[in-house]
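The values are calculated or read from the model by the stated rules, or taken from the named source; none is laboratory data. Please read these numbers as outputs of a predicted model, since none were measured by experiment. All Cβ positions, glycine included, derive from the backbone under ideal geometry; neighbour counts span all protein chains shown.
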Amino acid sequence: MNYFYFFIRTFCFYSILQISACSTYNQATHQYVTENFSKLSPHYVPTQQGQIEYYISGSGTPILLIPGYATDVSSWNSEFLAALAQHHQIIIPNNRNVGGSHILSASYQTEDLANDTYQLIQKVRLKKPTVIGISMGGMIAQQLAVLHPNALSHLILINTSIAGKHAVQPTPAVQKKLLGLSKYKLGFYVSAIDLFFPPSWKMQMSYSLIVNRFKPQHLTEIDPGSIMPQQQHLIRHWLDDNATAKKISELHMPVLILNGQSDIVIPPVNSVILANAIHHAQLIRWKDGGHAMIYQYPQEMANNINDFITAN
């Protein structure tokens, strides 16, 4: 018996019973996901050392979304993406050496992945996209804004931290769990539910984290075990980079910071530190928001982003 799928089906059954009466998944968004995301195929742009894989959907002003630690494009919530794609063109890449993004490198830092993203922007001829980064993706997005400030129009940061000594790290217990994430599906899934959501949301999110993921066809599955050491090196370097922290405080483009106050992976105070460093930044917080709160509040977060882009 495939215990992973048995476990998932059991979780889904009980979760559906719990949330069927209070679903917020609106019909228009559901139709967009069904008719568009299921048909998407990957695209590739060459680099000097390999290629970057990305998916694209929607029309309008571009939004580029950078995923976080040990994740790929499928970590994004499909309802969140659909609500953005109804007003914008969304570009969803895989980070270096994730999925179909292959770039030769034994190790890398935020500068390298920021420059990967910049090459994607140039080669796809994106005209000053809004850049959204979540968790580690928020670190890459900040580095991109520092290195290439004229390449993007808006910077949106979800549950992430500033570079350097002022960043507050998670508790030793949470750090141990993050460093020990399983490379197998079942173990990784169980850890994600434990780390990414507050207790009162875990049952509901055990369902949503499976069925509401962005799942394009021909998706090349991530190999977490092969990328976690490299990405851990990137995060350690980021937390030592005081020079970049100073440059982040000098950013001039519109900045929106979205934070879950129940995040245990990146302590919520980090979003306050970022907002204080970037004086013109707008900060929006959700009391019960966990690290993966795009699954808790997909439509609301997308609405905040759409409104922010329109107003700025």
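It is to be established whether one or more residues within the stretch 122-132 are out of contact with any Phe, Trp or Tyr (no Cβ under 9 Å at 6 or more places or on another chain), farther than 22 Å from residue 224 by Cα and either among the aromatic types (Phe, Trp, Tyr) or in a helix (DSSP H, G or I) (or both).
Checked against the condition, which is being out of contact with any Phe, Trp or Tyr (no Cβ under 9 Å at 6 or more places or on another chain), farther than 22 Å from residue 224 by Cα and either among the aromatic types (Phe, Trp, Tyr) or in a helix (DSSP H, G or I) (or both), the stretch 122-132 yields at least one hit.
Return the pairs, sorted by first residue and then second, in which the second residue is of a type in the set (Asp, Glu), the first residue lies in the stretch 261-275 and is within 22 Å of residue 246 (Cβ to Cβ), the beta carbons are less than 9 Å apart, and the residues are 6+ apart or on different chains.
Listed by first residue and then by second, the contacts come to 270/263; 271/263.
Under 6 Å by Cβ, and 6 or more places apart or on different chains, what pairs join a residue from the stretch 151-176 that is within 16 Å of residue 250 (Cβ to Cβ) with one that is of a type in the set (A, V, I, L, M) and surrounded by fewer than 20 Cβ atoms within 10 Å (Cβ to Cβ)?
Correct list of pairs: 155/253; 162/273; 162/277; 166/273.
Hey, among 83, 70, which residue is crowded, with 18+ Cβ neighbours inside 10 Å and within 22 Å of residue 142 (Cβ to Cβ)?
Within the list 83, 70, the selection yields 70.
Please determine, by comparing only the residues of the stretch 66-100 that are in a strand (DSSP E or B) and of a type in the set (Val, Ile, Thr), which one is farthest from residue 111 (Cα to Cα).
From the stretch 66-100, those in a strand (DSSP E or B) are 66, 77, 89-93; that's our starting set.
So of that shortlist, the ones also of a type in the set (Val, Ile, Thr) come out as 66, 90-92.
Working: 66: 14, 90: 23, 91: 20, 92: 19 Å.
Of everything passing the filter in the stretch 66-100, 90 is farthest from residue 111 (Cα to Cα).
Report every pair of residues separated by at least 6 positions or lying on different chains whose Cβ atoms are under 7 Å apart, first residue within the stretch 177-195 and under 17 Å from residue 213 (Cβ atoms) and at pLDDT 90 or above, second assigned to a loop (DSSP other than H, G, I, E, B) and of a type outside the set (Val, Ile, Thr).
Partner pairs satisfying both residue conditions: 191/181; 191/182; 195/291.
Inspect all residues belonging to the stretch 113-124 and state whether any of them is in contact with a helix residue (DSSP H, G or I) (Cβ under 7 Å, 6 or more places away or on another chain) and among the basic types (Lys, Arg).
no
The conditions are (1) more than 20 Å from residue 234 (Cα to Cα); (2) modelled with pLDDT of 95 or more; (3) part of a helix (DSSP H, G or I), and residue 139 fails exactly one of them. Which is it?
(1)
With of a type in the set (S, T, N, Q), modelled with pLDDT under 95 and under 18 Å from the mean Cα position of the chain (by Cα) as the only criterion, which of 29, 71, 34 stands out?
Values: 29 fails: under 18 Å from the mean Cα position of the chain (by Cα); 34 fails: under 18 Å from the mean Cα position of the chain (by Cα).
Step by step, each of 29, 71, 34 is checked, and only 71 is of a type in the set (S, T, N, Q), modelled with pLDDT under 95 and under 18 Å from the mean Cα position of the chain (by Cα).
What residue, among those in the stretch 101-116 that are in contact with a Pro (Cβ under 9 Å, 6 or more places away or on another chain) and touching a residue at least 60 places away in the same chain (Cβ under 8 Å), is nearest to residue 298 (Cα to Cα)?
By that ranking, first place goes to 116.
Out of 171, 244, report the one residue that is polar (S, T, N, Q), over 20 Å from residue 99 (Cα atoms), surrounded by 14 or more Cβ atoms within 10 Å (Cβ to Cβ) and over 20 Å from the mean Cα position of the chain (by Cα).
The conditions single out 244.
Identify, by number, the condition in (1) at pLDDT below 95; (2) among the β-branched types (Val, Ile, Thr); (3) part of a helix (DSSP H, G or I) that residue 146 doesn't meet.
It is condition (1) that residue 146 fails.
Just checking, how many residues over the stretch 282-312 are closer than 23 Å to residue 129 by Cα and either surrounded by fewer than 19 Cβ atoms within 10 Å (Cβ to Cβ) or touching a Ser or Thr at 6+ places or on another chain (Cβ under 6 Å) (or both)?
Looking only at that region, the number is 14.
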